[in-house]
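J.: This is the structure I want to talk about, given as structure tokens.
What follows draws every value from the coordinates through simple rules; no lab data is involved. Given the structure is predicted, the values throughout are model-derived calculations rather than measurements. In this analysis, Cβ positions are derived from the backbone assuming ideal geometry, glycine residues included, and neighbour counts consider all displayed protein chains.
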Amino acid sequence: EALRGPEGVAVLAGSVAPAGAEPVAMAYAGHQFGGYAPRLGDGRALLLGEVHDREGRRRDVHLKGSGRTPFARGGDGKAALGPMLREYVVSEAMHALGCPTTRSLAVVSTGERIARDTGMLPGAVLTRVAASHLRVGTFQYAAALGDRALLRRLADHAIARHHPDAAEADSPPLALLERVAAVQADLVARWMLVGFVHGVMNTDNMTISGETIDYGPCAFMDAYDPATVFSSIDHGGRYAYGNQPGIAQWNLARLAEALLPLLVGDEPTEGEVDDAVARLTTVLEAFPARYEQAWGHGMQAKLGLSSPDDDLVSDLLALLEEQAVDWTTWFRALARDLRGDRDAARGLVPDIAAADAWLARWRAHQPDADAMDAVNPIYVPRNHLVEEALAAATAGDEAPVHELVAVLARPFDERPGLDRYAAPGPTDGPRYRTFCGT
Ligand code: AMP
Ligand code: MG
């Protein structure tokens, strides 16, 4: 209620700092599409401060689109309503889907019109709530300053805040890398299981906490295809759906490089450096297996299998790709198949004989339909629905956004009258494109 009042809205719009707060723009570096940018930072965002949530956990409260900062470079520091609502809708959906993520508390229209390539757009400020805003790029920035004491303070802070058990390890910085690798393996597996394409996995957009951050050109995959890319600037497909685990590992290697000075003494010998590199590399090399394990468990649950069956999974992926089957629809259809609707799943596959052969092998596992429905969403932020809701809001009608948020808040819970939200988007027409919103 307080936040809805005039004083609360003034804070959420970025026009007044909350009492006692000293807002800061955070510095960070980062690899963008593989190229190193030494100084990025919050160019249009501010960390208002930290609060404790109801469970006593620290939360960053952060404004995006609140105006220029010393990191704004050529930018206007502003954000358009559409992209901020997009972050709101998709991050809240991700939370409901069980993917760790920053949350969205509010989007406030500023009443300003801001200039973008597509014309003048309504401006807005998003309030983002996060476990923290520490990124791989934060460590890259600190490491590049060459100040080991500062880097150590950052590592100690990150450990205390997110991975406290690493403090007990023989080498806390090495343990920090290990913990970040673990949470990122789990996170990216969850993305892959729900068909999420982040779209801009630059090292400044990867958190130390293991939360999804920065909903720019993200989108959900329709038909299963590892090469799925939506971002208008991702020409090489670097951040395609199927590349995400490999990119996560690449980003972790950048974190390992940043942490290296903390694994050696002030004036290390070559041998000391080699030894530190070897230890960091061992952690990095364990990432694919960690990821595969998280993904494998997830797929086993999606298919309702009581024991792993790798061949069944890989044959399914080949079938879905070859037959261009909608990812989300398929897994819900499987549960319907078990309940006796024998056309639900096979009807989605043009090559019915191939579908039948796979389905027979799968049914032999005697999967549990209800258990499957608890992990396979029926409602995800489908691209056409998100686009439609944002267009309405930009034109002044907020109702479709509120409705979409309400549907996506219970993604596993099929409700009457919501068929439209479960249906795949049109497959004809131009390929869906997303933009960074900057
Ligand atoms: P992003 O693509 O949102 O991860 O942002 C990459 C970098 O560009 C970050 O340093 C942002 O703060 C900065 N940036 C994006 N949009 C703007 C803007 N309108 N004004 C100033 N800085 C921006
Ligand atoms: Mg970013």
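J.: Taking R0 as 60 Å, what's the FRET efficiency between ASP275 and ASP53 from their Cβ-Cβ distance, rounded to 0.05?
T.: The formula returns an efficiency of 0.90 here.
J.: May I pose another question? Modelling each spin label as a point 7 Å along the Cα-to-Cβ direction, I'd like the VAL16/GLU285 distance in nm, to one decimal.
T.: Each label point is offset 7 Å from its Cα along the Cβ direction, giving 5.9 nm.
J.: Quick one: of the DSSP bridges fully inside the chain, what percent are antiparallel, nearest 5? Show your work: numbers first, answer last.
T.: On the way: 33 of 35 bridges.
Of the beta bridges lying entirely in the chain, close to 95 percent run antiparallel.
J.: If I model a spin label as a point 7 Å beyond the Cα along the Cα-Cβ vector, how far apart are those points for GLU112 and ARG4 in nm?
T.: Inter-label distance under the simple model: 2.7 nm.
J.: Using the Karplus curve 6.51 cos²θ - 1.76 cosθ + 1.60 with θ = phi - 60°, work out ³J(HN,Hα) for each residue of segment 366-375 in order, rounded to whole Hz, and write x for Gly and Pro.
T.: Karplus-based 3J(HN,Hα) across segment 366-375 equals 6, x, 9, 5, 5, 4, 5, 4, 6, 10 Hz.
J.: How many angstrom separate the Cα center of segment 268-286 from the Cα center of segment 378-424?
T.: Segment 268-286 and segment 378-424 have Cα centres separated by 48 Å.
J.: Can you give me the distance in nm between label points at ALA423 and ARG361, each placed 7 Å from the Cα along the Cα-to-Cβ direction?
T.: About 3.3 nm, to one decimal.
J.: Separate question: Starting from the Cα-Cα distance between ILE352 and GLU388, subtract it from 0.36 nm times their residue separation and give me the gain in nm to one decimal.
T.: Values: separation 36, 0.36 × 36 = 12.96 nm, distance 3.34 nm.
Full extension from ILE352 to GLU388 adds 9.6 nm.
J.: How much length, in nm to one decimal, is gained on full extension between VAL129 and GLU321, taken as 0.36 nm per residue of separation minus their Cα-Cα distance?
T.: Details: separation 192, 0.36 × 192 = 69.12 nm, distance 3.66 nm.
Roughly 65.5 nm would be gained on extension.
J.: Work out from phi, with θ = phi - 60° and the Karplus expression 6.51 cos²θ - 1.76 cosθ + 1.60, the ³J(HN,Hα) of each residue of segment 322-332, listed in order in whole Hz, and give x for Gly and Pro.
T.: Listing the rounded values in order: 4, 9, 6, 8, 5, 4, 5, 4, 4, 6, 5 Hz.
J.: If you filter segment 250-357 for trypsin sites (Lys or Arg not before Pro), then keep DSSP loop positions with at most 12 other Cβ within 10 Å, what is left?
T.: ARG339
J.: What whole-number distance in Å separates the alpha-carbon centres of segment 147-176 and segment 46-61?
T.: What the calculation gives is 20 Å, centre to centre.
J.: Can you give the FRET efficiency for ASP370 and ALA406, using 1/(1 + (r/R0)^6), R0 = 35 Å, r = Cβ-Cβ distance, to the nearest 0.05?
T.: Taking R0 as 35 Å, the efficiency between ASP370 and ALA406 is 0.90.
J.: How big is the dipole moment of segment 275-401 about its Cα centre under a simple scheme where the beta carbon of each Lys and Arg is +1, that of each Asp and Glu is -1, and everything else is neutral? Debye, nearest 20, please.
T.: With only Lys, Arg, Asp and Glu charged at Cβ, the dipole is about 300 debye.
J.: Here's another thing I want to ask about it. Loop only by DSSP, 13 or fewer other Cβ within 10 Å of the Cβ. Give me the chymotrypsin sites (Phe, Trp or Tyr not before Pro) in segment 288-390 that pass, ordered by residue number.
T.: none
J.: Now, a different point. Can you pull out the GluC sites (Glu not before Pro) in segment 1-86 that DSSP calls coil and that have at most 16 other Cβ atoms within 10 Å?
T.: Working: sites: GLU1, GLU7, GLU50, GLU55; in loops: GLU1, GLU55.
Taking segment 1-86 and a limit of 16 other Cβ atoms within 10 Å, the loop GluC sites (Glu not before Pro) found are GLU1, GLU55.
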